[in-house]
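> I'd like to ask some things about the structure below.
The values are calculated or read from the model by the stated rules, or taken from the named source; none is laboratory data. The structure presented is a predicted model; accordingly, all values stated were derived computationally and were not measured. Methodologically, a virtual Cβ is constructed for each residue, glycine included, from the backbone with ideal geometry; neighbour enumeration extends over all protein chains shown.
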Amino acid sequence: MRALVVGDSGGLGAALAAALRERGEVVGVSRRDGLDLRDGAAVDRVLAALDGPFDALWVATGILAPPGRRPEKALRELEAAAFAEVLAVNATGPALVLRHAPRLLPRRGRSVVGVLSARVGSIADNVLGGWHAYRASKAALNMVVRGAAIELARSHPEAVVAALHPGTVDTPFTAAYAPPYDKLAPEEAARRLLAVMDGLRETGSFRDHRGEPVPW
């Protein structure tokens, strides 16, 4: 089994890469390799240098807010440049990664594409408001994942694509924005997400770390 982990330098990305190494070969790419999700040319340069096929593609990237900022608590806090950067990193960047999926995945045989989303990207589940850029970026990402699943099914009939909510994972990513309880260790979150993808047969779904459907 060969796996590609995009974002393997982050807390959860590193845990996914470590767990996947127990199954076979893992190739990881991240900012240390020149991957900048805000720069389409950089994404293409890094991904084009990779040789497939990969049986698994994981996109484990994202930001809550630009460096030095925090998620907005109210509409009055919205700022255009910050909003655009969150969308670029969380939605446009992964979309540009998925643009390479048809070449990187095998056309025959089962393959999986797991993309880290978040429950806050669910429109139906939003009862608190706030965090507007982050919510919008994950909702946009979910649509990209759904569209990618539909398109890939035409040329890669056994590929399974899913948007995944990993839960609140105990990493620097969540340290300032989540309560200290009920957090998952990165290794446990990775184990759960791999198990979810192992069990999925339908493509184009949005699942949490227990495998339960999350409303769009």
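> Of the numbered conditions (1) touching a residue at least 24 places away in the same chain (Cβ under 8 Å); (2) touching a Ser or Thr at 6+ places or on another chain (Cβ under 7 Å); (3) of a type in the set (D, E, K, R); (4) surrounded by fewer than 20 Cβ atoms within 10 Å (Cβ to Cβ), Glu187 fails exactly one; give the number of that condition.
Going through (1) touching a residue at least 24 places away in the same chain (Cβ under 8 Å); (2) touching a Ser or Thr at 6+ places or on another chain (Cβ under 7 Å); (3) of a type in the set (D, E, K, R); (4) surrounded by fewer than 20 Cβ atoms within 10 Å (Cβ to Cβ) one by one, Glu187 breaks only (2).
> May I pose another question? Of all residues in segment 124-139, count the ones that are part of a loop (DSSP other than H, G, I, E, B) and in contact with a Pro (Cβ under 8 Å, 6 or more places away or on another chain).
Step one: list which residues in segment 124-139 are part of a loop (DSSP other than H, G, I, E, B), which gives 124-131.
This time we only want the ones that are in contact with a Pro (Cβ under 8 Å, 6 or more places away or on another chain), so: 124-125, 130-131.
So the count comes out to 4.
> A follow-up question, please. Run Arg99 past the list (1) within 17 Å of the chain's Cα centre (by Cα); (2) under 26 Å from Ala189 (Cβ atoms) and report the number of the one that doesn't hold.
(2)
> For the condition basic (Lys, Arg) and either surrounded by 15 or more Cβ atoms within 10 Å (Cβ to Cβ) or within 19 Å of Leu141 (Cβ to Cβ) (or both), what is the one hit in Arg76, Arg69?
Just a single option satisfies the conditions, and that option is Arg69.
To keep it simple, each residue is scored yes or no on (1) in contact (Cβ under 8 Å) with a residue 40 or more places away in the chain; (2) crowded, with 22+ Cβ neighbours inside 10 Å; (3) not acidic (Asp, Glu).
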residue: Arg103; (1), (2), (3): yes, no, yes
residue: Val113; (1), (2), (3): yes, yes, yes
residue: Ala124; (1), (2), (3): yes, no, yes
residue: Ala136; (1), (2), (3): yes, no, yes
residue: Leu141; (1), (2), (3): yes, yes, yes
residue: Lys183; (1), (2), (3): no, no, yes
residue: Leu194; (1), (2), (3): yes, no, yes
residue: Glu202; (1), (2), (3): yes, no, no
residue: Arg210; (1), (2), (3): no, no, yes
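> Consider Ala162 carefully, then state whether it is of a type outside the set (S, T, N, Q) and either assigned to a helix (DSSP H, G or I) or at pLDDT below 95 (or both).
When the stated conditions are applied, Ala162 does not pass them.
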